[in-house]
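Below is one structure, written out as structure tokens, with a few remarks after it.
The values are calculated or read from the model by the stated rules, or taken from the named source; none is laboratory data. Computed from a prediction, not measured in an experiment: that's the story for all the values here. Reconstructed Cβ throughout: ideal geometry from the backbone, glycine too, with neighbour counts over all protein chains shown. Each accessible area value is taken on the protein alone, full model and side chains, heavy atoms only, with ligands, DNA and RNA left out. Shrake-Rupley method; radii C 1.70, N 1.55, O 1.52, S 1.80 Å.
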Amino acid sequence: MNRVTWDSVLVGDGHQPLRDVVAAELRRLILDGTLQPGERLVEDRLAQLLGVSRNPIREAMRVLEAEGFLDVVSRRGAFVATLSARQADDLFDVRLALEPLGARLAASAGEHVTGALDRARAILDLVQESGPDQDLDTLSNLHTELHSLIFQMTQNTYLIAIAIPMVKRGQWLLRQSAPLQTPSAWSQHHGLIAAIEARDPDLAEAAARHHVLSVRSGLRPKLEDSA
């Protein structure tokens, strides 16, 4: 692999916390297929690639392990995880439990969600205006941000701690299997955000459940074909 840069400079030259920056870059390399499922990650090689020391690499790898992007095997090292059809189905079982709950709590949260709602609407407007022209990296990041915002609106620290890694793991699946560059992939989000904005917990919960079931139904044939 070629030496990776971050905003035209080496990652190590930036001003963000290195662990977070390195984790984001490694996550991107996994999502776009540069780092392949089953590939062994070598700390020295990644440190050279990203222009950082081994410590932030090690810390970032712990983050990605917790999110499910890496499998760490005793005495063998860290490997890019694989996502089987069974694991994808398990992920949707968890989404079906957490996303309707997150939507209900977000709709019940009151005035403090205004800023997050503004950002959610801005994401949907951006995708509606220029979705087909956006690169897949940008769209998958926007999709992850949108779903993360809903959980953040709940202000439930336990739910957020559980759900955000799930959202990031789901990004991997959607990146591989879902047509994020088509308007239909985003259409149901409008109703979900509108229900939260209307402070209608029942409608928000129903919209979130319908969305998860719809995405699961659309992806299942692709997952079975790849099994």
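Exactly one condition in (1) part of a helix (DSSP H, G or I); (2) modelled with pLDDT under 90; (3) more than 22 Å from ALA198 (Cβ to Cβ) is false for ILE162; which is it?
So ILE162 meets the others, but not (2).
Considering only region 29-56, how many residues are under 22 Å from VAL167 (Cα atoms) and either more than 16 Å from the chain's Cα centre (by Cα) or open to solvent by less than 10 Å² (accessible area, probe 1.4 Å) (or both)?
7
Would a scan of region 193-200 turn up a residue that is assigned to a helix (DSSP H, G or I), open to solvent by 10 Å² or more (accessible area, probe 1.4 Å) and farther than 20 Å from SER108 by Cβ?
Quick first cut of region 193-200, residues assigned to a helix (DSSP H, G or I) only: 193-197.
Still in the running and open to solvent by 10 Å² or more (accessible area, probe 1.4 Å): 194, 197.
From the residues that got through so far, the ones that are farther than 20 Å from SER108 by Cβ too are none.
No, region 193-200 contains no residue that is assigned to a helix (DSSP H, G or I), open to solvent by 10 Å² or more (accessible area, probe 1.4 Å) and farther than 20 Å from SER108 by Cβ.
Being closer than 19 Å to PRO201 by Cα and surrounded by 19 or more Cβ atoms within 10 Å (Cβ to Cβ) is the filter here; which residues of region 117-147 pass it?
Within region 117-147, the first condition is being closer than 19 Å to PRO201 by Cα, and the residues that meet it are 117-118, 120-121, 146-147.
ALA120, LEU146, HIS147, listed by residue number.
Which is farther than 25 Å from PHE151 by Cα, touching a residue at least 40 places away in the same chain (Cβ under 8 Å) and among the charged types (D, E, K, R), of GLU99, GLU39, GLU67?
Values: GLU99 fails: farther than 25 Å from PHE151 by Cα; GLU67 fails: farther than 25 Å from PHE151 by Cα.
Answer to the check: GLU39.
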